[in-house]
Amino acid sequence: MAAQASDRGAGTLRLHEAHRFPNRPVRTGDTLHWDILSLYGGVLDGLRAAGAHTSGPLASVGIDSWAVDYGLLDASGALLGNPVHYRDPRTEGEAAKLAAVLPPRDLYAATGLQHLPFNTLYQLTAARGSAALEAAHRLLLVPDLIAHWLTGVAGTELTNASTTQLLDPLTRYWSRQVADAAGIDLTLFAPLREPGDPAGELLPHVLAETGLAGPVPVTAVGSHDTASAVVAVPASGEDFAYIATGTWSLAGLELRAPVLTEESREANFTNELGVDGTVRYLRNIMGLWLLQECLRAWEAQGAPQRLDRLLREAADVPGLRTLVDAGDPAFLAPGDMPRRIADACRRAGAPVPVTPAETTRCVLDSLAHAHRRALDDAQRLAGRTVRTAHVVGGGAHNTLLCQLTADACGLPVVAGPAEAAALGNVLVQARTAGAVRGDLADLRALLRGTLELRRYEPSGDRAAWESAARRFLGAERHIPAT
Ligand code: LFR
């Protein structure tokens, strides 16, 4: 997305969506890829549209995307194949292999990262010996790759680097111990840069192609979309939790220092790095991916559903009839999600949802329950008390999910902004450009003064959530067997 911010002295901010483009993964052979050139083309179209919308020259450009995935470049700078999608199964079994040389507790102590089968670390051990990795001179995470094509400058932005499972959250630098154990050459990575750092200028051919007048600076932002989304959590004070909802739900706390205890590892909490020296202490939950994949399956089966109607019908389905574990890696890959949800219910001896509305209700109840589990665990493990849960990202529009989350968590939920990643991205750029000033609290105050937020009060019986979870999920395991 291309966006524009303006600080009008009185402290207002306007976000204008100049362009939006689809992101369609492509499978060739047995590998699932990102269509990176199509994404880059979408970025160029976005720049062109942003230029057409602005009277003067663009003050800055910033790039964020999902985490962990990367492109490899050869010595001439040519891209060595399309980046592989983190949902590709190539990393299966990699964690177990690495555990034989680097025990999981040492890996956690060194990186503070939750176990996710697709972390860059495992993608790189899976790729060992491949022609592309052998020929690689440079590894650039997806937003850094786009920024490199725009500017010619290669860098590794810190918040996204922290999702590789190769970075030490205490030193905020690479972990040689982990890289050596995994046989990964750290010189593949370009120099680290912090959100807010200058990251070059648009190249002349980019200016020509987009019709922009130069110079246009590029600014490093929280290039991990979740890092940018957390910047735009419109909280005041420190006693808040956030749930960044979209394809994933990322539920947790903003901390000043990582929690690297064994208990934290067993609860599979991650210490990703945030903007301004913060730590994003959170757990990954499958998120609205579960519903997106159901919609895709129903359409493929010739029974397309309209989301707004489906959500209205789901609100009328009796709640908590059945739950699935929204952290289960069995839901990671694409493909027939309604069947996989039904199978999970059957395995748990729970009533199997039949209609799309029942399946949708099962998904939303399960997400709300997983949000509650994550926020309860995060508070216990970090020794913090939360009084408000902020739901940001696309799920902020989902009134049923927001209400169920308030009910399950027993906390007021403040929903919005839905475009949190874009806003957090723009605010960090705006600060570097001198258009806004201050720390995260100031940026959030600016947001609160600008956004329309919706508040959901908890209702219902909190104990009912606990008893449904005991009935259907038993003891959830947060770290899958490696
Ligand atoms: C959300 C996100 C998550 C990350 C997942 C995979 O878009 O960036 O934070 O765990 O995608 O990269």
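Taken together, the values in this text are just the output of simple stated rules run on the coordinates, not laboratory data. What you see is a predicted model, and the numbers here were worked out from it, not measured in a lab. No Cβ is skipped: glycine too gets one built from the backbone with ideal geometry, and neighbour counts run over all protein chains shown.
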Using r as the Cβ-Cβ distance of Ala135 and Leu37, and R0 as 25 Å, what FRET efficiency do you calculate, to the nearest 0.05? 0.85
Full extension between Arg346 and Leu332 adds, at 0.36 nm per residue less the Cα distance, a length in nm of 3.2 nm
Given segment 2-219, what percent of its DSSP beta bridges are antiparallel, to the nearest 5? 75
Quote the charge dipole size of segment 2-219 about the Cα centre in Debye, to the nearest 20; the model charges only the Cβ of Lys and Arg (+1) and of Asp and Glu (-1). 280
Dividing the convex hull volume of the alpha carbon atoms of segment 247-391 by its residue count, what do you get in Å³ per residue? 132
Could you list which residues have their amide H under 5 Å from that of Glu201, counting only those 5 or more apart in sequence or on another chain, with H placed in the peptide plane? Val218
Please name which of Ile341, Pro258, Thr278 has its Cα lying farthest along the dipole of segment 252-361 towards the positive end, using unit charges on Cβ (Lys, Arg +1; Asp, Glu -1) and the Cα centre as origin. Ile341
Burial-style ranking of 231-237, 74-80, 141-147, 209-215, average other-beta-carbon count within 10 Å with highest first, yields 141-147, 231-237, 209-215, 74-80
Provide the per-residue ³J(HN,Hα) series for segment 36-52, in order, calculated from phi with Karplus coefficients 6.51, -1.76, 1.60 and θ = phi - 60°, each as a whole number of Hz, with x at glycine and proline positions. 5, 5, 5, 5, 5, x, x, 5, 4, 4, x, 5, 4, 5, 5, x, 5
Quick check for me: using +1 on Lys/Arg Cβ and -1 on Asp/Glu Cβ, what's the dipole size of the chain about its Cα centre, in debye to the nearest 20? 760
Geometric extent, Cα atoms of segment 2-219 - Rg, Dmax (angstrom): 18.7, 59
Whole-Å semi-axes of the ellipsoid equivalent to segment 117-173 (Cα gyration tensor, √5λ, descending): 19, 18, 9
Which of the peptides 45-53, 349-357 is most tightly packed, and how do the rest follow, judged by the mean count of other Cβ atoms within 10 Å per residue? 45-53, 349-357
Tell me, what is the FRET efficiency for Arg309 and Asp442 to the nearest 0.05, using R0 = 45 angstrom and their Cβ-Cβ distance as r? 0.60
Globularity index of the chain, i.e. its alpha-carbon radius of gyration over 2.2 N^0.38 Å: 0.95
For segment 299-311, in residue order, the Karplus 3J(HN,Hα) values (coefficients 6.51, -1.76, 1.60; θ = phi - 60°; whole Hz; Gly and Pro = x) are 5, 4, 7, x, 10, x, 10, 8, 4, 4, 5, 4, 5
Given H placed 1.01 Å from N in the peptide plane, which residues other than close sequence neighbours of Thr31 have an amide H under 5 Å from its amide H? none
Given the -39500 (n - 2.57) contribution per DSSP H run of 4+ residues, what per-residue ellipticity at 222 nm results for the chain, rounded to the nearest 500 deg cm²/dmol? -11500 deg cm²/dmol
Label point at Asp185 placed 7 Å out along Cα→Cβ; residues across segment 30-64 whose backbone nitrogen lies under 17 Å: none
Show me 414-425, 336-347, 360-371 ranked by packing, highest mean number of other Cβ atoms within 10 Å first. 360-371, 414-425, 336-347
Compute the FRET efficiency between Arg20 and Ala463 as 1/(1 + (r/R0)^6), taking r as their Cβ-Cβ distance and R0 = 56 Å, and round to the nearest 0.05. 0.85
Between Arg454 and Ser236, what is the spin-label point distance in nm, taking each point 7 Å from the Cα along the Cα→C-beta axis? 2.3
